[in-house]
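Colleague: Take this structure first; my questions come after.
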Amino acid sequence: MPAQLPITVAIPARNEERNLPSCLARLTRFERVVVIDSGSTDRTRAIALEHGAQVIDFAWDGRFPKKRNWFLRHHAPTTPWVFFLDADEFVDDAFCDELERTLPGTRHSGFWISYDTWFLGKRLRHGDVNRKLALFRVGAGEYERIEEDRWSHLDMEIHEHPILEGTIGELASRLDHRDDRGLEHWLRKHNDYSSWEAQRTAMLRRQGRLADPELTPRQRRKYSSIGSWWLPAAYFIDAYLRRGGWMDGHAGFAYAFLKASYFWEIGLKVRELERSAGHGR
């Protein structure tokens, strides 16, 4: 048996009984697995315990810190590394093997991880590449501090980016991102995300921080472009045509179209927020 990886896997969760069993079953090579639960009313807690994971309860007060930063601050892992994994994200042996080869000699403080997205029952092999800075050294930093003051009910860092000391590497092995809760859940979730993104964009504009050095280059481009008439079209052309999303058939078209619509919705919500602020003065 391979040696256990010196990593704490932290899984933020709420009502994840559908995805969690498959996620946890693949984590036997990690030293510690923690499920950070936000008051689940289904079998999330029981499933976590059945798989040998520790369960930590989290109740958000609507302000900083959210779930991931709260975990880092109040339950800091004793392992050298922490890996934030969602319940609908699945590792495989190739990924674990790469960690086993890479971590002992690395000088990096964290690693970008790329994901293969499943949509409408199909693995999308082309189009936009999703990646996250989800694995980093304990103590190297934490997620961006955003004083959102109850913008939404999202109690977990979704689009916040880890701010780390040191260099960042990238892993070659990819994870599966496969949420089996259906299209209605996907649409509802992205409506919540677009509302949060609109609030964030409006705040950055008010504060004159669209070029903030703590934002990643991709974030600076995104927040500077949101609300532009051309952004949804540019995203669709890039993801569907230039990056080959069309090769994924109907699912590839639907994903690129809905993601382009997502950026359009953020822009509309930003303008609505700015009109409301103007009327309030």
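Colleague: Treat every Asp and Glu Cβ in the range 5-177 as -1 and every Lys and Arg Cβ as +1, leave all other atoms uncharged, and give the resulting dipole magnitude about the Cα centre to the nearest 20 debye.
Modeller: The dipole magnitude comes to about 160 debye.
Colleague: In the range 17-86, what GluC sites (Glu not before Pro) fall in a loop by DSSP, with at most 12 other Cβ atoms inside 10 Å?
Modeller: none
Colleague: First check a/c for the range 23-141, with a ≥ b ≥ c the square roots of the eigenvalues of its C-alpha gyration tensor; if it is under 1.5, answer rounded, and if not, answer prolate when a/b is larger than b/c or oblate otherwise.
Modeller: It comes out rounded by the Cα gyration axes.
Colleague: Please report the net charge: other residues with Cβ closer than 11 Å to the Cβ of D179, K and R +1, D and E -1.
Modeller: Surrounding charge for D179 is -2.
Colleague: Quick check on the chain: helices-only [θ] at 222 nm, where DSSP H runs of length 4 and up contribute -39,500 (n - 2.57) each and the sum goes over total residues. Nearest 500, please.
Modeller: -11500 deg cm²/dmol
Colleague: Hey, another quick one. Summing Lys, Arg as +1 and Asp, Glu as -1, what charge do residues with Cβ under 10 Å from the Cβ of S109 carry, S109 excluded?
Modeller: Summing Lys and Arg as +1 and Asp and Glu as -1 gives +1.
Colleague: Can you classify the range 1-40 as rounded, prolate or oblate using the Cα gyration tensor, where a ≥ b ≥ c are the square roots of its eigenvalues, rounded means a/c under 1.5, and otherwise it's prolate if a/b beats b/c and oblate if not?
Modeller: Here the range 1-40 falls in the oblate category.
Colleague: Compute the distance from the alpha-carbon center of the range 174-250 to that of the range 1-47, in whole Å.
Modeller: After rounding, the separation between the Cα centres reads 27 Å.
Colleague: Kirkwood Rh, Cα Rg: Rg to Rh for the range 242-281?
Modeller: Ratio of gyration radius to Kirkwood radius: 1.33.
Colleague: Positive end of the charge dipole of the chain (Lys, Arg +1 and Asp, Glu -1 on Cβ, about the Cα centre): tell me which of A202, T44, L215 has its Cα farthest that way.
Modeller: A202
Colleague: What FRET efficiency would be calculated for the residue pair M203, V129, taking the C-beta separation as r and a Förster radius of 25 Å, to the nearest 0.05?
Modeller: FRET efficiency, M203 to V129: 0.35.
Colleague: The list (i) 61, 21, 14; (ii) 30, 23, 20; (iii) 32, 24, 16 gives values of semi-axes √(5λ) of the Cα gyration tensor in Å, and only one came from this structure; which label was calculated from it?
Modeller: So the calculated entry is the one marked (ii).
Colleague: Within the range 53-138, list the trypsin sites (Lys or Arg not before Pro) lying in a DSSP loop whose Cβ has at most 15 other Cβ atoms in a 10 Å radius.
Modeller: Passing sites in the range 53-138 are R63, R107, R125.
Colleague: Please work out whether the range 109-173 counts as rounded, prolate or oblate from its C-alpha gyration tensor, where a ≥ b ≥ c are the square roots of the eigenvalues and a/c under 1.5 means rounded, while otherwise a/b larger than b/c means prolate and anything else oblate?
Modeller: Verdict is oblate for the range 109-173.
Colleague: If you don't mind, there's one more thing I want to ask. Cα convex hull of the range 81-221: mean projected area in nm², to one decimal?
Modeller: Value for the range 81-221: 9.6 nm².
Values quoted throughout were computed directly from the atomic coordinates according to the rules given, and no laboratory measurement underlies them. Everything numeric in this text was worked out from a predicted model, so none of it was measured. As a convention, Cβ positions derive from the backbone with ideal geometry for all residues, glycine included, and neighbour counts pool all protein chains shown.
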